[in-house]
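A.B. asks: Got a structure for you, written out below as structure tokens; questions coming shortly.
The values are calculated or read from the model by the stated rules, or taken from the named source; none is laboratory data. Predicted model, so just to flag it, every value in this text is computed and none were measured. Don't worry about glycine lacking a Cβ; one is built from the backbone with ideal geometry, like all the others, and counts go over all protein chains shown. Note: areas computed on protein heavy atoms with side chains; ligands, DNA, RNA excluded. Shrake-Rupley method; radii C 1.70, N 1.55, O 1.52, S 1.80 Å.
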Amino acid sequence: EPSRQVLDVFVDARQIDGFRFTEGHAQFRECKFSHEVFTASPRTTLRFHHPDAGRPSDIVGNKDTRCLAFYFKRLTLVRLLQPE
């Protein structure tokens, strides 16, 4: 199996999505979830769980042996309107 990295996405304690990355280049991912995952609490926690941070040398074959997690160039949260 090729090198892979896992990124699980949680809203509060509920897992709403999970991604498996096998490529070492920048990638776009979109995650949509229902408003029902939000609780009545005025605060919500968005958490990214990354259990297997990797070394670039293992993924893309370069000489960088640092253990790295994910890098977000942009993170956008948008409320989608329901279709009428």
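A.B. asks: In segment 46-80, which residue that is within 13 Å of Leu7 (Cβ to Cβ) and more than 13 Å from the chain's Cα centre (by Cα) is most open to solvent (accessible area, probe 1.4 Å)?
C.D. replies: For segment 46-80, the residue satisfying everything is Leu68.
A.B. asks: Within segment 6-32, can you find the residues that are within 10 Å of the chain's Cα centre (by Cα) and among the charged types (D, E, K, R)?
C.D. replies: Matches in segment 6-32: Asp8, Asp17, Arg20, Arg29, Glu30.
A.B. asks: Considering only residues that are under 25 Å from Leu81 (Cα atoms), open to solvent by less than 90 Å² (accessible area, probe 1.4 Å), of a type in the set (Gly, Ala, Ser) and modelled with pLDDT under 85, which ones fall in segment 1-45?
C.D. replies: Across segment 1-45, the qualifying residues are Ser34, Ser41.
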